[in-house]
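The values are calculated or read from the model by the stated rules, or taken from the named source; none is laboratory data. Only a predicted model underlies this, so the values are computations on that prediction, with no experimental measurement involved. Note that we place each Cβ from the backbone using ideal geometry, even for glycine, and neighbour counts take in every protein chain shown.
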Amino acid sequence: MTTARGVSGAAPAGSWLPTTAEAWLPGDPVPEPEPTDGTTPAWAAPAATGWGGGGVSRFGTPAPAYGAPAAPVVLGVPPAGVVGPAAGWTPGAPEGGWQPSGAPAHWGWRVLASLLDQLIVATPYLAGAVYAQTTMSTTADMDGRPVLLPTAEGMNVFGAGALVMLVLWFVNRVVLQGRGGQSWGKRIVGLRTVGEDTQRPLGMWWAFVRDVANVVNALPLYLGYLWPLWDARRQTFSDKLAHALVLRDVR
């Protein structure tokens, strides 16, 4: 049987402490029997370096510096200060990653934002079309039947409205959405478009590609526009092509 070595000094008669003066070494068994007088053996007390056991060994878990709790290290999660709640990021994304504070936007909110975008952008075009229609003049065709023809002034107004619409589309869907993540409609509804990998605004080029790629959503019986209804990330086909996510904006 292995004999335990004591801490220091000789123990009084009848004490449970070892009687030898040798220092206790790791791996030595705890002397038996357990104390019954409420005393604590010297080897179980915390050392001056902050190391202490729970009554089993003095080689326990080191205490954090200055009494601060030890920060856990989680693999796959960026350290504090790189990204965090202050930057609009929260942990808890699938597969242990990080995601923006907003969740993928519901299909209905996306439809509302798109309708608002189209209404704002198309207003000059509609105004020009109405003006051209109301200023049409009546004339007769080769058979003498009356017909309505647009005036030169009406066509000029209509063309100017179409040009303004094109400029508004580029500013709204490419510049604003590409650089800041929000078109006018998305800002009103509270949505934000970000890159699937970067979690940042797409940039003007990818915003342009994503908007032009909406033709892919319409080709198979408009299936791409309905895809967010059952997609895990609520993406349309053009979203997947541009690696984009549309999120609820909580900021």
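Somewhere in segment 162-185, is a residue within 15 Å of residue 106 (Cα to Cα) and surrounded by fewer than 16 Cβ atoms within 10 Å (Cβ to Cβ)? The answer is no; no qualifying residue exists.
Specify the residue that is farthest from the chain's Cα centre (by Cα); the eligible residues are those in segment 193-251 that are more than 19 Å from residue 107 (Cα to Cα) and basic (Lys, Arg). Of everything passing the filter in segment 193-251, 251 is farthest from the chain's Cα centre (by Cα). Of all residues in segment 223-247, exactly one satisfies the criterion of being surrounded by fewer than 17 Cβ atoms within 10 Å (Cβ to Cβ), within 17 Å of residue 202 (Cβ to Cβ) and in contact (Cβ under 8 Å) with a residue 60 or more places away in the chain, namely 233. Of the residues in segment 187-197, not one is touching a Leu at 6+ places or on another chain (Cβ under 6 Å), among the small types (Gly, Ala, Ser) and closer than 30 Å to residue 134 by Cβ. Just to verify a result, which residue in segment 154-172, among those that are of a type in the set (A, V, I, L, M, F, W, C) and touching a Pro at 6+ places or on another chain (Cβ under 6 Å), is nearest to residue 249 (Cα to Cα)? Selected residue: 165. Residue 190 falls short of the stated requirement of being small (Gly, Ala, Ser), within 11 Å of residue 237 (Cα to Cα) and in contact (Cβ under 8 Å) with a residue 12 or more places away in the chain.
In this structure, is residue 112 at pLDDT 90 or above and either in contact with a Lys or Arg (Cβ under 7 Å, 6 or more places away or on another chain) or over 30 Å from residue 247 (Cα atoms) (or both)? Answer is no for this residue.
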